[in-house]
Amino acid sequence: MSFGKRHAYGDAKYIVFESCLRELFSTCPVCKSKSDVELHRMGTYVAFSQLCPKCMYNRKWQSQPVVGSTPIGNLLLSAATYFTGGSFIQVQKICTAMKLHVYQYDTFQRHCRNFLEPAIVHKWKSEQRNIIQKLQDRGKVTVAGYMRADSPGRSAKYGSYTVMDMHSNTIVDLQLVQSNEVGGSYHMEKEGLKRCLDLLESNGVEVDYIVTDRHPQIQKYLRERNITQFYDVWHFDKGLSKKLQKLTKNKECGLLRKWQRSIRNHAYWCASSSTSGPEKVAKWTSLVNHLQNVHTHDNPIFHKCEHPVKESKDPNKWFQRGSLAIHKIERALCNKRVLKDVEKLSHDFQTSSWEAFHSLILRIAPKNVVFSFMGMLCRLYLAVLHHNENASRGQVTKSTDYVDELLKLIFDEVIMDPSSFVDEMKAIPIPIPLCRI
């Protein structure tokens, strides 16, 4: 059977037992004699050849369409597994347990190389061109950048740097860096950012400012590139909270536990309610006075707390003025490094969307699974496609239309002539594997 129906991959499918199929071919439909039946399997594909030795009636039946030598059902199973972030090994275990015929992992890998990964690359590159076109029309853009390593610590093999347009919450670019490209995992973040910014610049997209974490290499690099940088409050708060948590273990600073949430909220308020770096610092340093129940301050930029001043019902919630505890807290909250960071906290956009995006990556590309460079890159592209499709949707209305679009691309175009899609994928430079160094 040839692939005559363009959308045969969309047909409903059923699990059919072999004994039930044999009943259909065991008797000749012409003379009702017993027929000779031969069976041929290829993964999920099965074909029956029927020959009647009496009247010589013969026919061949196939369970699914075939293009070239590729059964459509086999390719569809690989595509559905890959595009939804599933594991073929787990699918294979399930099929084996229920005696459902399926092909081997080598076939799945061949499908990935020849059809699936070329389709993913093409799909993302097409989407990316549309996104960049919109940015070009808008003028200066505000972006956020974040790096994710495939393992904790400084021994990561891969680092993926992602740049997001903060106005639309859409990922503009993702660059995958292998540690041996840059002399170690510590340098992957800078290289990933450089590649993202180079792509934006080469397409005529001008960055107004970028929101990042406080990586020292990134700070220096952006200064040299003359790009305004602000810090993500979440990362600032994460680092500061660790210091405050450590401080609460001191006997005289135990009261600080009750204030930790308020201090975190204060950091976000300082960033979002200020129009300049000095104003952020003035509001932040007022916190030390506030902890002592003092609500007027010496700094003319912010000389009085904005909350209503009420007599406290619990005088024990305040720190004693000039106490050793306040001295330690002030040293932690208002040292030169912290104030320098506060001055550059992002006043408008934060990178809270990264957490949902990275959770999605963990589902599609788990850290306990080893992937090739192209395998990891394509799984990251799938995460980007999913994120961008749902960037403006509520959590309850998540969409996966990109999966249907990828399947349509596979069976309408790629399977017919994969050469141009494979060439597009091969244009992506792949670093030497670490095991060959």
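The values are calculated or read from the model by the stated rules, or taken from the named source; none is laboratory data. What you see is a predicted model, and the numbers here were worked out from it, not measured in a lab. Because the Cβ atoms are built from the backbone with ideal geometry, glycine has one as well, and the counts that use them run over all protein chains shown. Note: accessible area is taken over every heavy atom of the protein model, side chains too, but ligands, DNA and RNA are not part of it. Shrake-Rupley method; radii C 1.70, N 1.55, O 1.52, S 1.80 Å.
In debye, nearest 20: dipole of the range 40-159 around its Cα centre with unit charges on the Cβ of K, R (+) and D, E (-)? Walk me through the numbers on the way to the answer.
Values: 17 positive and 5 negative charges, 10 e Å.
In debye, rounded to 20, the range 40-159 gives about 40.
Test of understanding: express the Cα radius of gyration of the chain as a ratio to 2.2 N^0.38 Å, with N the residue count. If you can, show how the numbers build up before the last one.
Working: Rg = 30.1 Å, N = 437, 2.2 N^0.38 = 22.2 Å.
Normalised Cα radius of gyration, the chain: 1.36.
With every protein chain left in place, what is the accessible area of S372 in Å² (1.4 Å probe, nearest 10)?
Only protein atoms counted, so the area is about 70 Å².
Run the reach check for K336 against aspartates and glutamates, Cα to Cα strictly under 17 Å, same-chain hits fewer than 8 apart removed. What comes back?
Once the sequence-local aspartates and glutamates are set aside, what remains near K336 is D237, E279.
So what is the accessible area of the range 156-301 per residue, in Å², with the probe set to 1.4 Å?
Working: 6400 Å² over 146 residues.
That works out to 44 Å² for each residue.
How big is the C-alpha Rg of the range 106-176 next to the rule-of-thumb value 2.2 N^0.38 Å, as a ratio? Before the final figure, lay out each step's value.
Details: Rg = 15.7 Å, N = 71, 2.2 N^0.38 = 11.1 Å.
After normalising by residue count via 2.2 N^0.38 Å, the value is 1.41.
Any chance you could count the Lys pairs in the range 1-84 whose alpha carbons are under 19 Å apart, treating pairs 8 or more apart or on different chains as valid? Show your work: numbers first, answer last.
On the way: K5/K13; K5/K60; K32/K54; K32/K60; K34/K54; K34/K60.
Number of lysine pairs found: 6.
Which of A271, V66, A8 sits farthest toward the positive end of the charge dipole of the chain, with +1 on the Cβ of Lys and Arg and -1 on the Cβ of Asp and Glu?
The one lying farthest along the dipole's positive direction is A271.
Looking at A365, S420, Q260, which one has the Cα that reaches farthest to the positive end of the dipole of the chain (charges on Cβ: Lys, Arg +1; Asp, Glu -1)?
Highest projection toward the positive end goes to Q260.
Would you calculate a helix-derived [θ] at 222 nm for the chain, using -39,500 (n - 2.57) for each DSSP H run of n ≥ 4 and dividing by the full residue count, to the nearest 500? Kindly include the intermediate steps, with their values, before the conclusion.
Values: 16 runs with 190 residues, N = 437.
The per-residue figure over the chain is -13500 deg cm²/dmol.
Can you send over the carbon and sulfur percentage of the accessible area for the chain, probe radius 1.4 Å, protein chains only? Working shown, then result.
Values: 12070 of 23310 Å².
Here carbon and sulfur together make up 52 percent of the probe-accessible area.
Work out which chymotrypsin sites (Phe, Trp or Tyr not before Pro) in the chain are exposed loop sites (DSSP not H, G, I, E or B, at most 14 other Cβ within 10 Å) and give the longest gap free of them. Display every interim value, and only then the final one.
Numbers: sites that count: Y14, F17.
In the chain, the maximal stretch lacking such sites is 18-437.
At a probe size of 1.4 Å, how large is the accessible area of R331, to the nearest 10 Å²?
Here the residue's solvent-accessible area equals roughly 140 Å².
Mind putting a number on the dipole of the range 305-437 about its Cα centre? Charges go on the C-beta only, +1 for Lys and Arg and -1 for Asp and Glu, and I need it in Debye to the nearest 20.
On the way: 18 positive and 17 negative charges, 253 e Å.
With only Lys, Arg, Asp and Glu charged at Cβ, the dipole is about 1220 debye.
Would you pull out the residues with amide H under 5 Å of T170's amide H, same chain only if 5 or more places away, H placed 1.01 Å from N?
Those lying under 5 Å, H to H, from T170 are D165.
Between S35 and residues 5 or more places away or on another chain, which pairs have amide H atoms under 5 Å apart, with H built 1.01 Å from N, and which residues are they?
The answer is T27, C28.
Short version: ³J(HN,Hα) in whole Hz for each residue of the range 8-18, in order, from phi by Karplus 6.51 cos²θ - 1.76 cosθ + 1.60 (θ = phi - 60°), x for Gly and Pro, what are they?
Along the range 8-18, the couplings run 4, 5, x, 4, 5, 10, 9, 8, 10, 7, 4 Hz.
Give the cross-link partners of K125 among the aspartates and glutamates, using a straight C-alpha distance below 15 Å as the criterion and excluding same-chain residues fewer than 8 apart.
E117, D173, E389, E405, D423, E424
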